Amino acid sequence: MKPFEEEINDAIRRKLQSSLTDFERKPDADMDHKMYQMLKKAPYWKQPYMLWGLVGLLLFVGAGVFIYKEQLQSDQPVGVAANARQSVAMIDRKTLPEIPNLGQPIVEAYQGIPNGKTLDNNSVTEKQKADRAGANVRPNITLLSDTDKQQEAGRSSAHIKEVNYPIDQQTIKPGKNLYAGQKLTPEAQTDSKENEGDITGKGVRKRSTSSIELLSLRSTLANGSKMNLPEIGYPKSEDLASFARVKPDSLHRKLYIDLSALKKMTFVFTVTPFQTLQQVSVLSREGYRIQNVELAGTLSTLGYKFGAGLQKGGFQLLVNFSRINTHLNYAYASAEFKVVEKPLNDFEIKRLGVVKSESKSSNLLGLGAKKQIDFTSRQLGWLYTTVGVEYSRFLGQNSGGLLFLNFSSGKSFLIHSSTNMSVGPYFEYSFGRIKAADQQITIGPSQVGLSIQLKLGQDK
Amino acid sequence: MKLFRSKSKLGLSELVQACQKQDSRAQVLFYDRYKAKLMGVCIRYARTVSEAEDIFQEGMLKIFQKITELKNPQSADSWVKTIMIRYAVDYYNQVTRKENLQGPYEDIPLELGTNDPEDLLNKFEVTVLLETINELPDGYRLVINLYFVDGYTHAEIAGILGIVEGTSRSQLLRGRNLLLKKLEQKGIKQYETF
């Protein structure tokens, strides 16, 4: 390097360093305010409203679980299982001796049947027929025909047939041992021997407990009064035929739908991973121009929503936490232009600009209401559809909130006797907009995702 | 809590350590400490005040993101300046095409009306010097700031700008000559005003 060049460089360095090295300029008040706002903002998990929101959510969840448990404890036995237990308990051999006057009504009931007469359909009055027809035929009869369980309770299969099917002359004949030739338990055989030939009334007090229900049934039919056994009635032949066609799985669903009519409170959890579809609006403003707006790739706009709440009668009330990610690129147009020469004396003029890439995460906490409709399809099985609205407030620096309209439809599965899961596509449209760092740019976030819903306490 | 009460009397090390723990009040104090100095850096590297504000805002956030990487809190003064300079360079790398940094700009011969360049420079106030530097094309402005004001070597400049060392030298030469030419023109105008 020439000495003159070096001298010039040194002179410039000395002058510029002395003038500019410690050059300071205070940012204006707006910049200070903006920076203070950004710095004073605590991380979102430290923000008080976030804390209160979480506390509220936990209380809500706790209350839901408490109510659910209370319901489980206070429920009277209803439905199939409860009736089955009750029926078996009535004929439990061990419990019968503890009832001192049990034999008397049996004798009275038996004595109500005229001697030497058979009990058949002809002997039943019209009123009794009507009673039979009106009797509630429930699928729980199948449980009574569950031979293994009944035999465990001291009943023979012959007895079960007597209870469940219309009585004819062959099954009920005075003086005939109903259980002759049947394989019985040792106790039942003993009782049967004791009672052999005793159908005319002698030694009734020693009658086998296994025939008590049969005699009660006879007396009920004979007297024309309705039998005091809950949930047991005469099935009509068409009922039995249709019942025989019902597969266990569809029966379960049928029972579920019947029981859902009880309008029990159900506890609902939802998880929805989604992608945000961005609708960008750029407002014009004097002084500068925003150009080359591009929506970013798919991964950077993935978000999620968690919800917890209660359902009653198909209506859901949920507390939701959402995280919506938006990402876009744009440029502030500068006063520089670039001319690109093209063939045939053509030119392309491009305006240069300062490129900005902006990604933003918005946390929202809100309340949602949904209506869920469950239905079945022959091909697809158990399906659901939900339509709902949600209003959520921004957590953090942003103020205001967003109103959403959402829709989901898909398939439901029973994953436990009291738990079901619903999975299906989810769409959410936002009526509000998120402001970008440059207030001239607003983004309308609509979500497309997968709704996964867990419901506790439906099938009881 | 004791730490918060005495925050205004914190030394630099304690302040940096509190910032490393994401203490928002310490971050405000840290910002107040460096804001004027760093805004000055941004003004030097930017073409306009609005661009300088953009660089300043994003650069400050970058500093708070990277402050956990600062091992020696006592070197915070030079560290924050380095981060801001690098962010300013990145900012222009996004908009200035590489060929503009690599050249070629037209050769600007050095034609000074005086034999003492220091004499020429001494005629101008800081604001005029700054204004003239800001008028230079991006590539020249960056190299002049890096070499003359902030004291980087050509090898370091080449690394920061992603160019070869020879390009850094030629860019500096052309930028310097253009700066002096502009200053001389401004000097003549000043004389004409008198």
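Derivation of every value follows stated rules applied to the coordinates shown; laboratory data play no part. Here the structure is a predicted model, which means the values were calculated and not measured. For neighbour counting, all protein chains shown are included, and Cβ atoms are generated from backbone atoms with ideal geometry for every residue, glycine included.
Structure data summary
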read-out: Neighbour-count order for A:Tyr304, B:Tyr45, B:Tyr92, fewest beta carbons within 10 angstrom listed first; value: A:Tyr304, B:Tyr92, B:Tyr45
read-out: Approximate spin-label separation A:Leu405-B:Arg86, in nm, with each point projected 7 Å along Cα-to-Cβ; value: 5.1 nm
read-out: Per-residue Cβ neighbour rank within 10 angstrom, fewest leading, A:Ile349, A:Ile415, A:Ile452; value: A:Ile349, A:Ile415, A:Ile452
read-out: Among the listed pairs A:Lys40/A:Lys356; B:Lys66/B:Lys181; A:Lys435/B:Lys35; A:Lys26/B:Lys71; A:Lys356/B:Lys81; A:Lys356/B:Lys123, those beyond 32 Å (Cα-Cα); value: B:Lys66/B:Lys181; A:Lys356/B:Lys123
read-out: Cα→Cβ-extended label distance, 7 Å offset, between A:Glu24 and A:Leu450, nm; value: 5.7 nm
read-out: Built amide H within the under 5 Å cut-off of A:Ser334, gap 5+; value: A:Leu352, A:Gly353, A:Val354
read-out: Whether segment A:403-459 is rounded, prolate or oblate, judged on the alpha carbon gyration tensor where a/c under 1.5 counts as rounded; value: prolate
read-out: ³J(HN,Hα), Karplus 6.51/-1.76/1.60, whole Hz, each residue of segment A:346-357, x for Gly, Pro; value: 9, 10, 10, 9, 10, 8, 7, x, 8, 7, 10, 10
